[in-house]
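Taking it in order: structure first as structure tokens, then the write-up.
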Amino acid sequence: MGVHRNEQPERHLVEGPDMSLIEENALKSRPEVAALPAYNAGITASVARRVSGRQDVAALASNENPYGVSPAVTAALSGIDPSRYSDSAASTLRHALSDKLGVGIERITCGNGSEELIAALSRAYLQKGDVVLTVSPSFGLHEIEPMAAGARVVKVPMTDKLEFNIDALEEQLARRPKIVFISSPSNPVGVALALAELERLLDATLPGTLFVLDEAYFELIDSDYPDGLRVLQNRTGLSWVVLRTFSKAYGLAGLRVGYGVASDAGIARAMRSTLTPFNVNSVAQAAATAALQDEEWMQNVTARIKADRVILTERLRKMGVRVVPSQTNFLFLDLGKDAATVAKALLQKGIIVKPWMEANYTNFLRVSIGTAKDNDRFAQELELLLALT
Ligand SMILES: *Cc1c(COP(=O)(O)O)cnc(C)c1O
């Protein structure tokens, strides 16, 4: 009988649904979700190839590692059995991190990218009406995830010189926000908190506030900047989490793996409770563990990226472009004109960059440090475009 039925598809499947009915019956998402801004993800290389008609695309929009991964990572990947579930506790990786950082394993949480841990903290600690403090311009998820959890996000603008506004942040911290998210070095600005600035923020943080220091670019800072985890380790009576990632310096962006170190095991447990049981897949766990065993590779590539960021900064400044000093693998440039238009023209040349979309910063372009050849190509094309317009 079922066979006959299947031979005659029902009418609505052929004609498609009645749209007016769908609109009327549409499920409404929570208002917080309907109001969420979209994450501004970089254009993929395949789109850039299509638009530019060029095969050799310079992907400089997503702060990826232009040197790929350590050979130790490539070797580790061949040993994975995809038919088995991953270790839900990520024990091997967390033990390796525990050894490296000198922090108890019970305070370490691994995430499907460190961005998942931003979501986990928001789900674990925020409810409707809570206030979250961050800066602007900001990493989109420091705003999107708290909003999704129903919180109100207060953003303290960077100063005119594009430094952290410590005075204004201190004032806001005195009001006891539930969470403060600060990326240092900052994405998208690139500047990092000096030790004295970090100390001032920590001094201003009161009980009842969770201080989240997002150190996604930690491995790329110059030696005169502080190791935020070490600074926080010496603070007692403060609730904090340091977030780090394998996406940037270690080159594992596509595998999605990051980690958070918390001031106490209770915070790590709360984060873990909000995550899916197998949140970090087996490939990512093996790759990250192998990456930690070859720190020399990471040191070498980050040294090269840091040298190239100095070269590109100087070159762009000679062209008359305002370049914010960077402690990351990208530069934040004030073009003095609409950055989206310039980014579009660069895309035609096969160069992907990220025009900043946040209010007051739409003249800014964020460009990742690529290989010397890609950086050169970017500077050359930008110079031509700025001369033309
Ligand atoms: C890239 C980035 C992350 C996210 O990294 P994943 O581990 O890839 O999720 C988090 N925070 C900041 C500030 C970043 O720039």
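Read the figures in this text as sums done on the coordinates, not as results from a lab. Owing to the predicted nature of the structure, the values given are computational and were not obtained by experimental measurement. Cβ: placed from backbone, ideal geometry, glycine included. Neighbour counts: every protein chain shown.
Some notes on this structure:
- Euclidean distance of C-alpha centroids, segment 327-360 and segment 65-119, integer Å: 32
- Along its first, second and third principal axes, ordered by size, segment 251-381 spans 50, 36, 29 Å in Cα coordinates.
- Fraction in percent of alpha-carbon pairs per bin - 10 Å, segment 29-119: 11, 24, 31, 26, 7, 0
- Classification of segment 125-209 by its C-alpha gyration tensor yields an oblate form. The axis ratio a/c (a ≥ b ≥ c) is 1.5 or more, and b/c is at least a/b.
- Distant-in-sequence amide H partners of SER183 (H built 1.01 Å from N, under 5 Å): ASP214
- Chymotrypsin sites (Phe, Trp or Tyr not before Pro) within segment 46-146, DSSP loop, no more than 14 other Cβ atoms inside 10 Å: TYR85
- Across the cross-link table entries LYS178/LYS354; LYS306/LYS344; LYS178/LYS306; LYS100/LYS155; LYS28/LYS248; LYS100/LYS373, which are compared at the Cα atoms, the separations over 29 Å belong to LYS178/LYS354; LYS178/LYS306; LYS100/LYS155; LYS28/LYS248; LYS100/LYS373.
- Placing unit charges on each Cβ (+1 for Lys and Arg, -1 for Asp and Glu) gives the chain a dipole about its Cα centre, and among GLY129, ALA287, PRO277 the Cα reaching farthest toward its positive end belongs to ALA287.
- Per principal axis, descending, Cα span of segment 240-288 in whole Å: 30, 23, 13
- Counting neighbouring beta carbons within 10 Å and listing from fewest to most, the residues VAL257, VAL241 come out as VAL241, VAL257.
- Applying 0.36 nm per residue to the separation of ARG235 and ALA372 and subtracting their alpha-carbon distance, the gain on full extension is 45.2 nm.
- Per-residue Cβ neighbour rank within 10 angstrom, fewest leading, VAL321, VAL51: VAL51, VAL321
- Cα pair distances of the chain binned at 20 Å [whole percent]: 26, 54, 18, 2
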